[in-house]
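The values are calculated or read from the model by the stated rules, or taken from the named source; none is laboratory data. Please read all numbers here as calculations on a predicted model, not as lab measurements. No Cβ is skipped: glycine too gets one built from the backbone with ideal geometry, and neighbour counts run over all protein chains shown. Protein only, heavy atoms only, side chains kept; ligands, DNA and RNA dropped before computing areas. Shrake-Rupley method; radii C 1.70, N 1.55, O 1.52, S 1.80 Å.
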Amino acid sequence: MTAVTRSEHDLLGDRDVPADAYWGVHTLRATENFAITGTPISAYPHLIDALAAVKEAAALANEELGLLEPEKAAAIVAACREIRSGKLHEQFVVDVIQGGAGTSTNMNANEVVANRALELLGNAKGEYEFLHPNEDVNLGQSTNDVYPTAVKVATVFAVRGLLKAMSVLQDAFARKAVEFRDVLKMGRTQLQDAVPMTLGQEFSAYAVMIDEDRSRLAEAVELIHEINLGATAIGTGLNAPAGYAEAARRHLAAITGLPLVTAANLVEATQDCGAFVQMSGVLKRIAVKLSKSCNDLRLLSSGPRAGLGEINLPPVQAGSSI
């Protein structure tokens, strides 16, 4: 008869976890402690892929430095590549909102990678004496350098997608600016008639607004390429050997194709969230401008019989149930 659960141990004691789960006891406790939003980290595939990339880079660096047996390193790398190909994402089950500065997320990743690597080595899930989530997968690492690095890698790829979408929207506005360049209308301030303008000029302004924000976003994301991998807990590099930070950065850059750089001062980089704050500000700026443009178009298309009705937005569904 196949076992339904397996027993795992941590510093707090023994717990049973589902036998088929790739996560383990640390993840189990996290799901119990942080049942906050109901949204798991797997809802953000860029983050899962980035965590796997960091774990892969760390394994390659540790093997290169003679700290991790080649067989173990190969199994960890293979497991990480499977995750980055889209497999096992459903095993990342901890809540997006959690205490502990991301330790639950890091341990979820360590356990999933370890258990899949164990299978690839011919062992059963939970047989950590052959390959351990902490001692092997998390070797030379801390949540405090793994998690920020993974978030930065994920952010870069997410921003790339946003930049492409903004470019599509900018081009659409620019085309409409040309199409409507001879359509005369009333310009307004505070919803009061001001002076004549063309509809093309209005759409041209939207195109320029998007273009400016794309430039600011491209500038902000450059700061996100600086990582603190190798800093370990507080930036001193404690428990990481000489050469680890550079080796891990080099492998992570090769895996992701990103021009990543190690921060000059890892203590500063581990505590400073300035790059994220700046990115947040730029994203808010973009959101405000997009909202303004949408509200303009909604107002201009209001009615159409009893509103302004100056433009017609293509109907996509019935606007009322009446």
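Kindly provide the set of residues from the stretch 208-249 that are in contact with a Phe, Trp or Tyr (Cβ under 9 Å, 6 or more places away or on another chain) and small (Gly, Ala, Ser), ordered by number.
Within the stretch 208-249, Gly230, Gly237 qualify.
Taking the condition of being open to solvent by less than 50 Å² (accessible area, probe 1.4 Å), part of a loop (DSSP other than H, G, I, E, B) and among the β-branched types (Val, Ile, Thr), how many residues in the stretch 1-38 meet it?
0
Which pairs do you get when a residue that is closer than 14 Å to Tyr128 by Cα, found in the stretch 19-38, comes within reach of a residue that is of a type in the set (Gly, Ala, Ser) and modelled with pLDDT of 95 or more, reach meaning Cβ atoms under 8 angstrom, with the pair 6+ apart or on two chains?
These pairs meet every condition: Gly24/Ala114; Gly24/Gly126; His26/Ser104.
Is it true that some residue in the stretch 264-283 is more than 26 Å from Ala233 (Cα to Cα) and touching a helix residue (DSSP H, G or I) at 6+ places or on another chain (Cβ under 7 Å)?
Kept after step one, since they are more than 26 Å from Ala233 (Cα to Cα), are these residues of the stretch 264-283: 281-283.
Cutting the leftovers down to touching a helix residue (DSSP H, G or I) at 6+ places or on another chain (Cβ under 7 Å) gives us 282.
Yes: the stretch 264-283 contains one or more residues that are more than 26 Å from Ala233 (Cα to Cα) and touching a helix residue (DSSP H, G or I) at 6+ places or on another chain (Cβ under 7 Å).
Name the residue, out of Glu129, Glu90, Glu69, that is open to solvent by 10 Å² or more (accessible area, probe 1.4 Å) and in contact (Cβ under 8 Å) with a residue 24 or more places away in the chain.
Values: Glu129 fails: in contact (Cβ under 8 Å) with a residue 24 or more places away in the chain; Glu69 fails: in contact (Cβ under 8 Å) with a residue 24 or more places away in the chain.
One residue alone meets the criteria, Glu90.
Quick check on the stretch 75-83. Is at least one of its residues under 13 Å from Thr105 (Cα atoms), of a type outside the set (A, V, I, L, M) and crowded, with 21+ Cβ neighbours inside 10 Å?
no
Among (1) closer than 20 Å to Pro40 by Cα; (2) hydroxyl-bearing (Ser, Thr, Tyr); (3) surrounded by fewer than 16 Cβ atoms within 10 Å (Cβ to Cβ), where does Ser167 come up short?
Ser167 satisfies every listed condition except (1).
Sort out which residues of the stretch 9-35 are farther than 18 Å from Gly102 by Cα and among the hydrophobic types (A, V, I, L, M, F, W, C), and write them in order of number.
Result: Leu11, Leu12, Val17, Ala19, Ala21.
Restricting to the stretch 191-239, name every residue that is more than 19 Å from Ala287 (Cβ to Cβ), in a helix (DSSP H, G or I) and within 19 Å of the chain's Cα centre (by Cα).
Residues of the stretch 191-239 that are more than 19 Å from Ala287 (Cβ to Cβ), as a first pass: 191-204, 222-223, 225-239.
Remaining after also requiring in a helix (DSSP H, G or I): 199-204, 222-223.
Those that are more than 19 Å from Ala287 (Cβ to Cβ), in a helix (DSSP H, G or I) and within 19 Å of the chain's Cα centre (by Cα): Glu222, Leu223.
Among residues belonging to the stretch 186-223 that are touching a strand residue (DSSP E or B) at 6+ places or on another chain (Cβ under 7 Å) and of a type outside the set (Val, Ile, Thr), point out the one that is surrounded by the most Cβ atoms within 10 Å (Cβ to Cβ).
Here the residue is Leu199.
Which of the residues spanning the stretch 257-276 are touching a strand residue (DSSP E or B) at 6+ places or on another chain (Cβ under 8 Å) and in a loop (DSSP other than H, G, I, E, B)?
Kept after step one, since they are touching a strand residue (DSSP E or B) at 6+ places or on another chain (Cβ under 8 Å), are these residues of the stretch 257-276: 260-263, 269, 275.
Residues satisfying the conditions are Leu260, Ala263.
All but one of (1) open to solvent by 20 Å² or more (accessible area, probe 1.4 Å); (2) assigned to a helix (DSSP H, G or I); (3) of a type in the set (Gly, Ala, Ser) hold for Gly99; which doesn't?
(2)
Scan the stretch 221-252 for residues that are among the small types (Gly, Ala, Ser), under 12 Å from Gln141 (Cβ atoms) and free of Cβ contacts under 8 Å to residues at least 40 places away in the same chain and report the count. Outline the logic, then answer.
Step one: filter the stretch 221-252 for residues among the small types (Gly, Ala, Ser), giving 230-231, 233, 235, 237, 240, 242-243, 245, 247-248.
Imposing the further condition that a residue be under 12 Å from Gln141 (Cβ atoms) reduces the set to 230-231, 233, 237, 240, 245, 248.
Subsequent filtering for residues that are free of Cβ contacts under 8 Å to residues at least 40 places away in the same chain retains 237, 245.
Summing the residues that are among the small types (Gly, Ala, Ser), under 12 Å from Gln141 (Cβ atoms) and free of Cβ contacts under 8 Å to residues at least 40 places away in the same chain in the stretch 221-252 gives 2.
Considering only the stretch 264-284, how many residues are modelled with pLDDT of 95 or more, crowded, with 16+ Cβ neighbours inside 10 Å and not hydrophobic (A, V, I, L, M, F, W, C)?
Total satisfying the criteria: 1.
Would it be correct to say that Asn115 is surrounded by 18 or more Cβ atoms within 10 Å (Cβ to Cβ), more than 23 Å from the chain's Cα centre (by Cα) and more than 21 Å from Tyr244 (Cα to Cα)? Full working, then the answer.
Working: surrounded by 18 or more Cβ atoms within 10 Å (Cβ to Cβ): yes; more than 23 Å from the chain's Cα centre (by Cα): yes; more than 21 Å from Tyr244 (Cα to Cα): yes.
It is true that Asn115 is surrounded by 18 or more Cβ atoms within 10 Å (Cβ to Cβ), more than 23 Å from the chain's Cα centre (by Cα) and more than 21 Å from Tyr244 (Cα to Cα).
Yes/no per residue for (1) modelled with pLDDT of 95 or more; (2) under 25 Å from Thr155 (Cβ atoms); (3) of a type in the set (Phe, Trp, Tyr); (4) touching a Ser or Thr at 6+ places or on another chain (Cβ under 7 Å):
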site	(1), (2), (3), (4)
Leu60	yes, yes, no, no
Glu63	yes, no, no, no
Glu69	yes, no, no, no
Gln98	no, yes, no, yes
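So Val183 passes all but one of these: (1) open to solvent by 70 Å² or more (accessible area, probe 1.4 Å); (2) over 29 Å from Val77 (Cα atoms). Which condition number does it fail?
Against the list (1) open to solvent by 70 Å² or more (accessible area, probe 1.4 Å); (2) over 29 Å from Val77 (Cα atoms), Val183 comes up short only on (1).
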